[in-house]
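Taking it in order: structure first as structure tokens, then the write-up.
What follows draws every value from the coordinates through simple rules; no lab data is involved. The model shown is predicted, which means the values in this text are computed figures rather than measured ones. FYI the Cβ positions are ideal-geometry reconstructions off the backbone, even for glycines, and counts take in every protein chain you see.
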Amino acid sequence: MSSINLTVEKLNKSFELSIDNIASDKSISHRCAIFSLLSDKPSIIRNFLRGEDTLDSLKIAGMLGATIEDDEETIKITPPSKLSEPNDILDCGNAGTGMRLYAGLLAGIDGSFVLTGDKYLRSRPMKRVTEPLRSIGALIDGRESGNKAPLHIRGGKLKSFNYISPIDSAQVKSALILAGIKGEGKSFYKESLLSRDHTERMLNGMGANITTNSDGEIEINPITKPLNPLNITVPADPSSAFFFAVAAAIIPNSIVTLKNLTLNPTRIEAYKILEKMGAKITYIEKENLYEPIGDIVVEYAPLEGVVVSENIAWLIDELPALSIAMAVASGESIVKNAQELRVKESDRISSVVNNLALLGVQFEEFPDGYKIFGGTKLEKATINSNGDHRIAMSFAIAGLLCGMDIEDTACIDTSFPNFVSLLNLLRG
Ligand code: S3P
């Protein structure tokens, strides 16, 4: 990945915009590529995210034997009759989701597989999936005793399990569900807060039997025959749309309509926090296919500080952008219980506070979060993304208020290839 820079000029006016081409949902697109391998018929995917992360997952599906036909609008994924051992390593690029979900799938498939990624992904913890997978019989090794990629997986028969996860992570849950449906009997998985549930919704939509009881315990029944194929239009990604939600919330007299987002409750918590800070937000549900889908309208209002310490898994990806709103808001804001931020595409606690400091914002850093002293007039600065797409885009939004030079922005292409062109639209 080359390292390019982005200069954002101050926006000296308000904007009113409806955006119907926000990047497609990254989580759902990864799952489309991976889950299509569980059927014996072609899956039809419209609006697949053509970002680097999800294209890497699609490429891996091809390396495992799927035929991929792409007419620019629709991607047709025809699975092989039996997944084949690839003749090369499987490169997940920057994508933790790709690596962790493929680890869960491949642990239960006969063959030898090597999963690797870019330098950022190779430094992220994988023990959270390799440890529980090993405990049910998977043969996995990697650097640091299986904690860091490259990971080598020798797939085979897996035992059923009853696993209580120490972290609320959809990637860990999905890896274990993919292992569980290949297991010998019923398996059970429990997390303390329901993390994003696209895996359960999509696999059940394909005919699997995964149920969640009122205590949040997930029962995973093995599949006895191939699942039905997917036929899906991927909704827009609320985490990508959130950058423009923050833009409307911090630029006086602005309003933005973000079209056709998934309104899955595990994905829109950050909008609820922005609402709590004072922004005017309306949710318009339009349809329900695997997930509720609709528009979110965000309108400027003066913002006030907020404490974010609950439902962290529901807004973990939006915290960098939310931090820009916190810096603009009057009063103090606090983020707690968010230690997971330290192991994302960068250490997002340190990336957020150290870059905010360059803009003149006062902060306190905690092991699991930070306090931001809001209301300071932001100053133009040169910041570095640390190779993290969400840091680059969050500070680009801050740049609308004060101007910004952002180093290392090629990473934006992992999730939101048309981000810069949409940012330019705000200028009219
Ligand atoms: C994702 C889950 C989240 C999120 C990531 C995508 C997914 O990670 O941060 O961007 O698609 O399952 P964790 O599950 O590790 O928290």
**Q.** Chain lengthening between Lys276 and Lys186 when straightened (0.36 nm per residue, less Cα-Cα)
**A.** 28.3 nm
Q | Förster-model FRET efficiency, 30 Å R0, Asn253 and Arg342, C-beta, rounded to 0.05 | A | 0.20
Q. Which residues in segment 52-92 place their backbone N less than 19 Å from a point set 7 Å from the Cα of Leu139 along the Cα-to-Cβ direction?
A. 83-90
(Q) Under a crude label model (7 Å from the Cα following the beta-carbon direction), how far is Ser165 from Ser18 in nanometres? (A) 3.7 nm
Q) What ranking of Glu9, Glu318, Glu332 emerges when the number of other C-beta atoms within 10 Å of each C-beta is taken as an exposure proxy, fewest first? A) Glu9, Glu332, Glu318
Q: Pick out which of Gly180, Gly104, Gly375 has the largest mean-square fluctuation in a Gaussian network model of the chain, springs linking Cα atoms closer than 10 Å.
A: Gly375
Q. So what's the net charge close to Lys380: Lys and Arg +1, Asp and Glu -1, counting the other residues with Cβ under 9 Å from its Cβ?
A. -1
**Q.** Extended-chain gain in nm, criterion 0.36 nm per residue less alpha-carbon gap, His152 and Ile334
**A.** 61.5 nm
Q | Residue-count net charge about Arg143 - beta-carbon cut-off 12 Å; Lys, Arg +1, Asp, Glu -1 | A | +2
Q) All other residues with a Cβ under 13 Å from the Cβ of Gly156 taken together, and with Lys, Arg as +1 and Asp, Glu as -1, what is their net charge? A) +2
Q) So, in nm, how far is label Glu364 from label Thr382 when the simple model puts each one 7 Å beyond its Cα toward the Cβ? A) 3.3 nm
**Q.** Span from the segment 110-137 Cα centroid across to the segment 303-334 one, whole angstrom
**A.** 32 Å
Q: Sum -39500 (n - 2.57) across every DSSP H segment of at least 4 residues in the chain, then divide by the residue count to get the 222 nm mean residue ellipticity, nearest 500.
A: -8500 deg cm²/dmol
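Could you compute the FRET efficiency for Glu304 and Lys127, with r as their C-beta to C-beta distance and R0 at 35 Å, rounded to 0.05?
It comes to 0.30.
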